[in-house]
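Read through the structure below, which is laid out as structure tokens, and then see the notes.
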Amino acid sequence: MLSSALAVGLDFRRGASVPPPPEAAVLDLAVVLPTFNECENIPLVIERLAEALRGLVWEAIFVDDDSPDGTADVIAAHARWDPRIRLIHRVGRRGLSSACIEGMMSSTAPVVAVMDADLQHDESMLPRMLRRLREESLDIVIGTRNADGGSMGDFGPWRVMLSRAGEKISQSVCRGKLTDPMSGFFLLRRSFLLDVVHNLQGGGFKILVDLLASSPVPVRFGEVGYKFGVRRYGESKLDVVVGIEYLFLIVNKRLGGIVPLHMAMYMLVGGIGLATHFLLFLLLSHFFATSFMVAQVTATFVAMTENFMLNNLITFRSRRLRGMRMVTGAARFVAACSFGALANILFARALLQGGVEWYVAGFAGIVLGSVWNLSVSSILTWGMRWPNRQNNADEEILVRDIEVSH
């Protein structure tokens with residue numbers, strides 16, 4: 001797969017019909033394309049951009065989250081001979097919104113576009129979107145599937161329904177009545193980006209909603225209809241976790257950004273663990289008449305296992321452990337949580353012996369153990385470091401921005 005994509009890239013180099021512009025030329029447009037496992041699409045999207053952006057001075061910034069299929073190598077092969085192609089190779093995490101932000105901030109172009117690298121966004125609309133931005137003095141122009149000239153393409157009924165539901169929900173936080181706030185295809189002025197970037201949540205997959213909801217004033221926007229294309233290669237990144245992240249984004253924006261997205265996911269898993277622990281404890285102690293200690297120990301370790309699985313799937317999806325790393329990670333998680341479990345059990349027993357009602361004692365032990373488990377395990381199991389408001393969250397990763405000598 002990788003060798004064939006590289007070969008296509010070299011063939012395109014030899015037959016390129018649009019020569020790279022002079023290095024001294026002033027940029028008209030930067031196009032940011034977040035990627036993960038898109039190696040076969042890279043040569044095609046570069047070729048299409050070159051054709052669509054004839055007459056403009058542009059650059060394409062690919063932000064790759066260390067794709068195991070060698071996407072970064074394909075991009076780097078293009079970047080070595082074409083100064084318009086840049087690669088930011090991120091190691092240590094994944095995330096579409098954060099990738100878009102890093103890509104947009106890495107360019108000095110006055111206008112920045114964001115689109116997918118999977119060929120589903122119509123790059124031929126970019127010149128039209130740019131003209132409208134300039135002529136109407138807009139902050140942002142959005143490619144929409146729900147206006148004149150737009151279409152959902154081959155979306156199935158279920159996917160269309162989910163998209164429509166997401167649009168309705170997002171209208172509550174977007175500063176403007178958009179027809180497609182779920183769009184991942186748009187361009188914006190760099191000046192607008194700089195106005196809102198410090199208010200961005202930066203999590204999840206819907207960066208457009210984050211941008212619009214982060215503006216302190218109504219956004220001057222326009223829309224251009226386009227037909228959503230069909231993915232040729234690779235797999236969609238949409239899953240249940242993306243939907244959960246999106247809902248948390250909306251809630252957080254409604255609350256004024258007081259709870260970061262990652263911390264909200266963390267709290268969700270903790271809440272599920274609390275509920276599981278308490279319900280199992282109640283079931284064992286009152287319906288199966290087991291002793292208090294047996295019920296508390298059993299419920300503790302069941303909830304501990306559930307917390308590891310859900311944290312690995314949801315909270316730390318960008319650092320998700322797989323294969324043998326999942327086994328060793330589970331062992332580290334159990335070790336880290338053992339102190340919390342011990343504190344849980346001893347504290348609950350002490351309260352019970354002191355005359356506190358059984359359900360109060362059990363719940364107090366759950367709370368104490370859960371706070372410890374979620375806090376310490378994030379560092380020991382997934383290597384997470386919680387940044388404060390003054391520190392950039394990206395300090396926890398290694399970012400490699402490849403600037404190839406030509």
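The values are calculated or read from the model by the stated rules, or taken from the named source; none is laboratory data. This structure is a prediction, so every number in the text was calculated from the model and none was measured. A quick note on method: Cβ atoms are made from the backbone with ideal geometry, for glycine too, and the neighbour counts reach across all protein chains shown. Side chains are part of the model used for accessible areas, which takes the heavy atoms of the whole protein and leaves out ligands, DNA and RNA. Shrake-Rupley method; radii C 1.70, N 1.55, O 1.52, S 1.80 Å.
Side notes on the structure shown:
- Looking only at residues in the range 21-57 that are open to solvent by less than 10 Å² (accessible area, probe 1.4 Å) and in a strand (DSSP E or B), the one that is modelled with the lowest pLDDT is 35.
- Condition check for residue 72: small (Gly, Ala, Ser), farther than 26 Å from residue 182 by Cβ and open to solvent by 30 Å² or more (accessible area, probe 1.4 Å): no
- Taking the conditions (1) of a type outside the set (Gly, Ala, Ser); (2) at pLDDT below 80; (3) surrounded by fewer than 16 Cβ atoms within 10 Å (Cβ to Cβ) in turn, residue 262 satisfies each one other than (3).
- Residues of the range 103-124 that turn out to be open to solvent by less than 30 Å² (accessible area, probe 1.4 Å) and not small (Gly, Ala, Ser), as a count: 9
- Residue 329 fulfils the conditions (1) over 19 Å from residue 93 (Cβ atoms); (2) part of a helix (DSSP H, G or I) except for a single criterion, (1).
- Residue that is surrounded by the most Cβ atoms within 10 Å (Cβ to Cβ) [pool: residues in the range 75-98 that are part of a loop (DSSP other than H, G, I, E, B) and under 20 Å from the mean Cα position of the chain (by Cα)]: 95
- If you go through the range 52-70 and keep only what is over 16 Å from residue 129 (Cβ atoms) and not aromatic (Phe, Trp, Tyr), you end up with 57, 59, 61, 63, 64, 65, 66, 67, 68, 69, 70.
- The range 287-308 residues that are touching a residue at least 24 places away in the same chain (Cβ under 8 Å) and buried (at least 17 other Cβ atoms within 10 Å of the Cβ), paired with ones that are among the charged types (D, E, K, R) and outside any loop (DSSP other than H, G, I, E, B) (beta carbon under 9 Å, 6 or more apart): 292/349; 296/349
- Condition check for residue 67: under 19 Å from residue 28 (Cβ atoms) and either open to solvent by 20 Å² or more (accessible area, probe 1.4 Å) or under 16 Å from the mean Cα position of the chain (by Cα) (or both): no
- Qualifying positions in the range 186-201 - in contact with a strand residue (DSSP E or B) (Cβ under 8 Å, 6 or more places away or on another chain) and either within 13 Å of residue 110 (Cα to Cα) or modelled with pLDDT under 90 (or both): 187, 188, 189, 190, 192, 193
- Of all residues in the range 321-331, those that are in contact with a helix residue (DSSP H, G or I) (Cβ under 6 Å, 6 or more places away or on another chain) and open to solvent by 40 Å² or more (accessible area, probe 1.4 Å) total 0.
- Residue match in the range 269-278 (condition: under 25 Å from the mean Cα position of the chain (by Cα), at pLDDT below 80 and either of a type in the set (D, E, K, R) or closer than 30 Å to residue 90 by Cα (or both)): yes
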